[in-house]
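First up is the structure itself, then whatever we jot down about it.
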Amino acid sequence: MRTVEDYLLHLKSKGFQLREDAIGFIYFGQQYTNSTDELTNTAIEITLLAQKGFDGSFYISLLETFASNKIHSRKAALQYVKKIELLAV
């Protein structure tokens, strides 16, 4: 599994640039919700797909939703967002 730092570097290599404040917010959200790298990366990915860019409040809300629904894996997170029709994944 990729670390958040590795995932952000991967996004950058694909041409997706996140501003420094967004990167700081990503780490803040991860710590605030005590999320694993796997869930954090999944939340970043879903945020970018659903919002067509990085939206900090959407990202935090997603991490909080994962925590409150006891979602602990990428697979469970993707199933959840599909179930609530947030994304057609």
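Throughout, read-outs are computed from the coordinates displayed, never taken from laboratory work. The structure presented is a predicted model; accordingly, all values stated were derived computationally and were not measured. Backbone-built Cβ (ideal geometry, glycine too); neighbour counts: all protein chains shown.
Can you tell me which residue is nearest to residue 21 (Cα to Cα) among those in segment 43-84 that are surrounded by 13 or more Cβ atoms within 10 Å (Cβ to Cβ) and of a type in the set (Gly, Ala, Ser)?
Among those residues, the one meeting the criterion is 56.
Of everything in segment 42-89, what is more than 21 Å from residue 32 (Cα to Cα) and of a type in the set (Lys, Arg)? Give them in sequence order.
Listed by number, the residues that qualify are 52, 75, 82, 83.
If a residue must be part of a loop (DSSP other than H, G, I, E, B), more than 23 Å from residue 75 (Cβ to Cβ) and basic (Lys, Arg), how many such residues does segment 1-20 contain?
Within segment 1-20, residues that are part of a loop (DSSP other than H, G, I, E, B), more than 23 Å from residue 75 (Cβ to Cβ) and basic (Lys, Arg) number 1.
Among (1) in contact with a Phe, Trp or Tyr (Cβ under 8 Å, 6 or more places away or on another chain); (2) over 19 Å from residue 2 (Cα atoms); (3) among the hydrophobic types (A, V, I, L, M, F, W, C); (4) not in a helix (DSSP H, G or I), which single condition is residue 87 missing?
(1)
Among 14, 70, 83, 75, which is at positive phi, out of contact with any Pro (no Cβ under 9 Å at 6 or more places or on another chain) and without any contact (Cβ under 8 Å) to a residue 24 or more places away in the chain?
Every option except 70 fails the conditions.
Can you tell me which residues in segment 23-40 are out of contact with any Asp or Glu (no Cβ under 9 Å at 6 or more places or on another chain), in contact (Cβ under 8 Å) with a residue 24 or more places away in the chain and surrounded by fewer than 18 Cβ atoms within 10 Å (Cβ to Cβ)?
Across segment 23-40, the qualifying residues are 34, 36.
Can you pull out the residues in segment 1-41 that are in contact with a Ser or Thr (Cβ under 6 Å, 6 or more places away or on another chain) and under 12 Å from residue 59 (Cα atoms)?
Correct list: 30 only.
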